[in-house]
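A short write-up of the structure that comes next.
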Amino acid sequence: MKKIVLCFVICSSFFLSKSQVYLFENFNTGIDTTAGGWTIVNGGNTNDTWFGTVGGFQGQYLDGTEFAFVNSDAAGSGPIYLNEELISPTLNTAGAPLLLLEFDHYFRHVASTDSGFVDVFDGNNWVGIDTFTVSEGTFGAPIRRMYDITALANANLAMRFVYDDDTTWAWYWGVDNVRIYTPASLNAAVLGITDPDNNGREGTSTALSTTQNICITLANVGLDTL
């Protein structure tokens, strides 16, 4: 059985290639707003805008760690208005054969027109990717969203989250684990290990000879076709 494992490691290693990760941010240490980091734009009339949680939100987390959060509820009632942007660093994604954006989030909606927007900068303009106007996810069980943004790849790509409470006393939005990446072009997966001397069945014998033939069936689950 050890020979089977060794054979797989040797064979499969020739078919693996790394993915290209342009951005991964889990906000575990807050929102980095230093040069080259994230940008927070407070477009409302209060000091309530995006921030990195410390100890979660009232002890609650998306995945057990800190996250980025904007909270209209904290602003209270009255003539308040939140229009808050959280903008990623600029990324050179020009020429990416496939470009994916994903993140985990909890958008808590109130019975009004408060909204969450996800935009991508295509080098000239912000392009809307998604809009949230109903609650999605919960603390402890966020929703993971994934988008194909290949058509928007460019040398100055960025993405942003925009929270607009529409001048209402609304709830909040938490986001985490933001990633922009190109999957591995070649990514081998094992479909089966068979022993030809055992009539093509999966080999389970531990009494292998020094000339035993072992067949490993591999499939590529990456971008390209082998």
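The values are calculated or read from the model by the stated rules, or taken from the named source; none is laboratory data. Nothing here was measured: the structure is a model prediction, and the numbers come from that model. As a convention, Cβ positions derive from the backbone with ideal geometry for all residues, glycine included, and neighbour counts pool all protein chains shown. When the accessible area is computed, the model is the full protein with side chains, heavy atoms only, and any ligands, DNA or RNA have been set aside. Shrake-Rupley method; radii C 1.70, N 1.55, O 1.52, S 1.80 Å.
The length gained on full extension between Trp169 and Trp126, counted as 0.36 nm times the residue separation minus their Cα-Cα distance, comes to 12.8 nm. Treating segment 64-136 as a set of equal point scatterers at the Cα positions, no solvent, please give the Debye-formula log₁₀ I(q)/I(0) at q = 0.13, 0.26, 0.27 Å⁻¹. Here log10 of I(q) over I(0) equals -0.54, -1.48, -1.54. Solvent exposure of segment 18-173 amounts to 46 Å² per residue of accessible area, where only protein heavy atoms count and the probe is 1.4 Å.
Under the rule a/c < 1.5 gives rounded, and otherwise a/b versus b/c splits prolate from oblate, where does segment 43-184 land using the Cα gyration tensor? The shape class here is prolate. For Asn26 and Ala111, a Förster radius of 41 Å and the Cβ-Cβ distance give a FRET efficiency of 0.80, rounded to the nearest 0.05. Of the accessible area of segment 53-106, computed with a 1.4 Å probe over protein heavy atoms only, carbon and sulfur atoms account for 49 percent.
In this structure, the amide hydrogen of His109, modeled 1.01 Å from its nitrogen in the peptide plane, lies closer than 5 angstrom to those of Ser135, Glu136, counting only residues at least 5 positions away or on a different chain. Residue by residue, segment 110-115 carries 3J(HN,Hα) couplings of 10, 6, 7, 10, 5, 9 Hz when phi is fed to the Karplus relation 6.51 cos²θ - 1.76 cosθ + 1.60 (θ = phi - 60°); x denotes Gly or Pro.
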